[in-house]
Amino acid sequence: MSATASNQLFDTYFTQPAMRAIFCDHGRVQGMLDFEAALARAEARVGVIPQRAVAPIAAACQAELYDFAALAVAIASAGNSAIPLVKALGKQIATHDAEAERHVHLGATSQDAMDSGLVVQLRAAIVLLENDLEQLAASLAEQATRHADTPLAGRTWLQHATPVTLGMKLAGVLGAVTRHRQRLRELKPRLLSLQFGGASGSLAALGDQGLAVAEALAAELELTLPEQPWHTQRDRLVEFASLLGMLAGSLGKLGRDISLLMQTEAGELFEPSAPGKGGSSTMPHKRNPVSAAVLIGAATRAPGLVATMFAAMPQEHERSLGLWHAEWETLPELCCLVSGALQQALLVVPGLEVDAARMRHNLELTQGLVLAEAVSIALAQRLGRDAAHHLIEQCCRRAVEQGAHLRQVLGETAEVTAQLSASELDRLLDPAHYLGQARLWVERAVAEHQNFSR
């Protein structure tokens, strides 16, 4: 088995197949060939090459016509993928039309073909990302609304804090996803930009027709025309990489919280069950958070890839040595990682299994202590903040020492009962009555999502 074939073992788990198809060898080659075909059409439109040369060139711009194994060997000597591909393209055209072969790649350089080909790939990748993000946002909005009033313990520093709701937690993820969708929409015109500068960016080989060809080429590829070529100005790609890193981080946050809530000691929230999912090779009872593992794994790997893109920014002069090369596999791998995480999130969020009774049970583990703040604030209106805080702190200490419920201790404390009735204490120690603006946060996050999606 080849190394390439063996690497496919993990792709189904970590990568969306459609995204891998965009960035496979065929996708990379076809992206460059799309550039070459569009260049021929643009130059014919402007009058730089004869119109009759376009059809033979375009006919040869089909990735299926080329030997990828031979290209791989040639790349090792050439230093990039465009040089041997353009040679192979020329030979392919020459077998049918020697005259047309003379007009291939006119005025362009290898990086033009590779960068513009990459941008064409990224455009297809963005379509997948946008579709998945839209579906994920819709699922998060639905679940957040459904569980807007489902209370569970808030956790700070991994300890029980005051109550929150499951809907509020999911609305937090929804808000982040909506912002990422906004960022993606905003950066698209900058990212989906033609790279065409010739040998060192001046398009001198095309004389006074350089700009006209660039305009026609951008139109052919349906890309924006930048103010100038960007061979060594990589901020567009790094901006996109940064967004992918943030998206991976937000999905990782979702995966982390799900995995923590799936812990045996919590048992409040679970990934949807399926035959064979999450099992152990030795322990029949196990139900592992296998989707959360992908979300966390992607969030762990993404920062290093984003850092590589940043490290590759200070590229030398007009064409880079090594730094450009460092991008070739990095950005596609980021796309594939994030796409895989999104696929797992889309498997999990719509089918989340919620144990609301266990959430309520866990809220009682501290025997009312998680609601000490509520009692302290109520008393502060009558005794003053410092006095109320000190009094409830003493009550909490006695409750812990006696192993008693805070409600019992409060009811036995004259300074408390003189200010708060039994019914007031019961209400203050009911988690459902201390959820603050949790429902409003859900409504606001859902409204932001709906406004963006209109």
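The values are calculated or read from the model by the stated rules, or taken from the named source; none is laboratory data. Since the structure is predicted, the reported quantities are computational estimates derived from the model, not experimental observations. Methodologically, a virtual Cβ is constructed for each residue, glycine included, from the backbone with ideal geometry; neighbour enumeration extends over all protein chains shown. The area values use the complete protein model at the heavy-atom level, side chains included, leaving out ligands, DNA and RNA. Shrake-Rupley method; radii C 1.70, N 1.55, O 1.52, S 1.80 Å.
Restricting attention to segment 198-213, the residues being under 13 Å from THR109 (Cβ atoms) and without any contact (Cβ under 8 Å) to a residue 24 or more places away in the chain number 2.
Scanning segment 410-440 for residues that are over 46 Å from the mean Cα position of the chain (by Cα), over 18 Å from LEU363 (Cβ atoms), in a helix (DSSP H, G or I) and not polar (S, T, N, Q) yields GLY411, ALA414, GLU415, VAL416, ALA422, GLU424. For segment 122-131, enumerate the residues that are touching a residue at least 24 places away in the same chain (Cβ under 8 Å), under 15 Å from the mean Cα position of the chain (by Cα) and open to solvent by 10 Å² or more (accessible area, probe 1.4 Å). Answer for segment 122-131, where residues must be touching a residue at least 24 places away in the same chain (Cβ under 8 Å), under 15 Å from the mean Cα position of the chain (by Cα) and open to solvent by 10 Å² or more (accessible area, probe 1.4 Å): LEU128, GLU130. With respect to ARG236, is the statement that it is touching an Asp or Glu at 6+ places or on another chain (Cβ under 8 Å) and on the phi < 0 side of the Ramachandran plot true? When the stated conditions are applied, ARG236 does not pass them.
Set side by side, the residues LEU89, LEU65, LEU71, LEU106 differ, and just one is out of contact with any Lys or Arg (no Cβ under 9 Å at 6 or more places or on another chain), aliphatic (A, V, I, L, M), over 23 Å from LEU225 (Cβ atoms) and open to solvent by 50 Å² or more (accessible area, probe 1.4 Å), which is LEU65.
When restricted to residues that are touching a helix residue (DSSP H, G or I) at 6+ places or on another chain (Cβ under 7 Å), in contact (Cβ under 8 Å) with a residue 12 or more places away in the chain and either open to solvent by 70 Å² or more (accessible area, probe 1.4 Å) or among the aliphatic types (A, V, I, L, M) (or both), segment 368-382 contains 8.
Just for segment 73-121: of the residues that are out of contact with any Gly (no Cβ under 6 Å at 6 or more places or on another chain) and among the polar types (S, T, N, Q), which one is nearest to VAL213 (Cα to Cα)? By that ranking, first place goes to SER116.
Residue-wise test of (1) among the basic types (Lys, Arg); (2) free of Cβ contacts under 8 Å to residues at least 24 places away in the same chain; (3) more than 23 Å from VAL338 (Cα to Cα).
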position	(1), (2), (3)
GLN135	no, no, no
ALA153	no, no, yes
TRP157	no, yes, yes
GLY167	no, no, yes
ALA171	no, no, no
ALA176	no, no, no
GLN182	no, no, no
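Residues are listed down the side, and each one gets a yes or a no for (1) closer than 30 Å to ALA44 by Cα; (2) over 28 Å from the mean Cα position of the chain (by Cα); (3) part of a helix (DSSP H, G or I):
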position	(1), (2), (3)
LEU106	yes, yes, no
GLN111	yes, no, yes
VAL120	yes, no, yes
GLN135	no, no, yes
SER139	no, no, yes
GLU142	no, no, yes
